[in-house]
Amino acid sequence: MAARLESYQRAYEEAGRTPTEQELEEIFEDLKTVGKLQIKHSGSFIDNFLRARRAPVQCDPEQSLMEGCAHAHDGVLRTWKRWREKVRIKEAAAAKIKAAEEAPAQTVVAGHPRQDEIVSMEKPRSNRTLLAYYWCFFKRLGNECNRTWRGELAAAALTAAGAYLLIQRVNAVGWTSVKNAGWSMVVAISAIALWHILRTPWLLHKEASIAGGGIRKVHWAHGLFGMVVLAGVLGGGGLYARKQLAKPIPPVMAAPYVEPKSSLRKRTLGLANDLNVFLGERWARRPPGHGADTLKYDQATLELYMKLYKNRIVGILQELQDKGLDTGLLAAPGGAPSRFLLPDEIRQLRDLAYHLDERGNVVKF
């Protein structure tokens, strides 16, 4: 369980991300499953061992194992809880920083209408028809477009200039860049005109509510201009939609699968590479012969291996066994859990990694 927990922590550190609360719970359930499975396998091994030698079974092996590893089990649980608390503290700190950076919303106090907007109002008539309402709509639409066309045209020109500069960097044909910049300007003007069309009914309703049913008096020529604006937006949008709908839809290509850094295959290969480097460095500095210095050096190598790599290799070998792969003598008593691996065993560990694909499935040769 400790090896599996350390393997998860190392995987998240290498991936550069923090586990969610749900992922932490799934990891905890996986740890409990691994512990129960290991106790079951070990108890079965002890029971078979005693039966093979016809020794009397004094107690339940599984119960004895559970009682014997209770302290270590609690230690793994405490490590998992500390990890969860660290994750919660990081999330709480990030939430506080984000809340502090957000500026308080500023309330906008409605002021008096501008003086240049105060003009005479038409008297409401009880016999106003649907056509009269739309005539007022077109007049107000044309008036709004005429009042703001200078600034909007400048904004569309800046949009076209920006599009031209961006396209020119990746397209060597000058005419294509100019044409695309012109289309971007047309799209910007159409979007602004559509915004005026959607905003005009709200302006008419607002004026009628403030003035008690009256509507601002606008010159009739603005009504014709409003009709032209609406016809241009509808006609241009229809032509564009017709051209786009007539084009064949390209097939959607699924994004290629990217193997995560925390996959079992990558972690197994990384462990094999680390062990190979570790063993090469230790053998390069090993004293010659079989004297006391050599034995002392070998003991130091074993202790260093047990400290740095034992938990990793035990956890990964357990995962490989859970996948159904035959680890041979690597996970047997006297193997990787009790001594450092030899070069042939490191190559065997690397071969086990090549029996997995990028999704962690076993490959049958």
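The values are calculated or read from the model by the stated rules, or taken from the named source; none is laboratory data. Being a predicted model, the structure only gives us computed values, none of them experimental. A quick note on method: Cβ atoms are made from the backbone with ideal geometry, for glycine too, and the neighbour counts reach across all protein chains shown. The area values use the complete protein model at the heavy-atom level, side chains included, leaving out ligands, DNA and RNA. Shrake-Rupley method; radii C 1.70, N 1.55, O 1.52, S 1.80 Å.
Got a sec? Which of ALA52, ALA15, ALA72 is touching a Lys or Arg at 6+ places or on another chain (Cβ under 6 Å) and of a type in the set (Gly, Ala, Ser)?
Testing whether each residue is touching a Lys or Arg at 6+ places or on another chain (Cβ under 6 Å) and of a type in the set (Gly, Ala, Ser) leaves just ALA15.
Is at least one residue of the stretch 201-218 of a type in the set (S, T, N, Q) and at pLDDT 80 or above?
no
Condition first: more than 19 Å from LYS261 (Cβ to Cβ) and loosely packed, with under 14 Cβ neighbours inside 10 Å. Now tell me which residues in the stretch 1-31 satisfy that.
Within the stretch 1-31, GLU21, GLN22, GLU25, GLU29 meet the criteria.
Need pairs with beta-carbon distance below 6 Å; first residue farther than 16 Å from GLU345 by Cα and within the stretch 305-334, second open to solvent by less than 30 Å² (accessible area, probe 1.4 Å) and of a type outside the set (S, T, N, Q); sequence gap 6+ or separate chains.
Once the first residue is farther than 16 Å from GLU345 by Cα and sits in the stretch 305-334, its partners that are open to solvent by less than 30 Å² (accessible area, probe 1.4 Å) and of a type outside the set (S, T, N, Q) give ASN311/ALA3; GLY315/ALA3; GLY315/ARG4; GLU319/LEU264.
So which residues in the stretch 256-272 are under 22 Å from the mean Cα position of the chain (by Cα) and of a type in the set (Ser, Thr, Tyr), if there are any at all?
Result: TYR257, SER262, SER263.
Scan the stretch 44-56 and give yes if some residue there is open to solvent by 50 Å² or more (accessible area, probe 1.4 Å), out of contact with any Pro (no Cβ under 9 Å at 6 or more places or on another chain) and under 30 Å from TYR8 (Cα atoms), otherwise no.
No: the stretch 44-56 contains no residue that is open to solvent by 50 Å² or more (accessible area, probe 1.4 Å), out of contact with any Pro (no Cβ under 9 Å at 6 or more places or on another chain) and under 30 Å from TYR8 (Cα atoms).
Say we look at the stretch 219-242 and pick out the residues that are open to solvent by 90 Å² or more (accessible area, probe 1.4 Å) and either modelled with pLDDT under 75 or assigned to a helix (DSSP H, G or I) (or both); which of these is farthest from GLY360 (Cα to Cα)?
Going residue by residue through the stretch 219-242, those that are open to solvent by 90 Å² or more (accessible area, probe 1.4 Å) are 219-220, 228, 234, 239-240, 242.
Narrowing the set further to residues that are either modelled with pLDDT under 75 or assigned to a helix (DSSP H, G or I) (or both) leaves 220, 228, 234, 239-240, 242.
Numbers: TRP220: 73, VAL228: 63, LEU234: 54, LEU239: 51, TYR240: 47, ARG242: 47 Å.
Among residues in the stretch 219-242 that are open to solvent by 90 Å² or more (accessible area, probe 1.4 Å) and either modelled with pLDDT under 75 or assigned to a helix (DSSP H, G or I) (or both), the one farthest from GLY360 (Cα to Cα) is TRP220.
Scan the stretch 319-365 residue by residue and report those that are of a type in the set (Lys, Arg) and farther than 20 Å from ALA11 by Cα.
ARG339, ARG347, LYS364
From the list LEU158, LEU130, pick out the single residue that is at pLDDT below 80 and open to solvent by 90 Å² or more (accessible area, probe 1.4 Å).
On the way: LEU158 fails: at pLDDT below 80.
Testing whether each residue is at pLDDT below 80 and open to solvent by 90 Å² or more (accessible area, probe 1.4 Å) leaves just LEU130.
Okay, residues lined up against (1) at pLDDT below 85; (2) farther than 25 Å from LEU352 by Cα; (3) in a helix (DSSP H, G or I):
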| site | (1), (2), (3) |
| --- | --- |
| GLN244 | yes, yes, yes |
| PRO250 | yes, yes, no |
| THR268 | no, no, yes |
| VAL277 | no, no, yes |
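So which residues in the stretch 311-347 are under 14 Å from LEU279 (Cα atoms) and either at pLDDT 85 or above or part of a loop (DSSP other than H, G, I, E, B) (or both)?
If the condition is that a residue be under 14 Å from LEU279 (Cα atoms) and either at pLDDT 85 or above or part of a loop (DSSP other than H, G, I, E, B) (or both), then ALA336, ARG339, PHE340, LEU341, LEU342, ARG347 are the ones that fit.
Looking only at the stretch 303-316, decide whether some residue is closer than 21 Å to LEU37 by Cα and loosely packed, with under 13 Cβ neighbours inside 10 Å.
No.
May I ask you to list pairs of residues, at least six apart or on different chains, whose Cβ atoms are under 7 Å apart, with the first in the stretch 31-42 being within 17 Å of ILE316 (Cβ to Cβ) and the second being open to solvent by less than 40 Å² (accessible area, probe 1.4 Å)?
LEU31/ARG4; LEU31/LEU5; LEU31/VAL76; LEU31/TRP80; VAL34/ARG4; VAL34/GLN318
Quick one: which residue in ARG339, ARG359, ARG350 is open to solvent by 70 Å² or more (accessible area, probe 1.4 Å) and touching a residue at least 40 places away in the same chain (Cβ under 8 Å)?
Of the residues listed, the single one that is open to solvent by 70 Å² or more (accessible area, probe 1.4 Å) and touching a residue at least 40 places away in the same chain (Cβ under 8 Å) is ARG359.
How about the stretch 32-43: which of its residues are open to solvent by 90 Å² or more (accessible area, probe 1.4 Å) and closer than 26 Å to SER263 by Cα? Before you say what the answer is, go through the steps one by one.
Looking only at the stretch 32-43, we keep the residues that are open to solvent by 90 Å² or more (accessible area, probe 1.4 Å), and these are 36, 40-41.
Result: LYS36, HIS41.
Of these, LYS323, LYS364, which one is touching a strand residue (DSSP E or B) at 6+ places or on another chain (Cβ under 6 Å), open to solvent by 60 Å² or more (accessible area, probe 1.4 Å) and charged (D, E, K, R)?
LYS323
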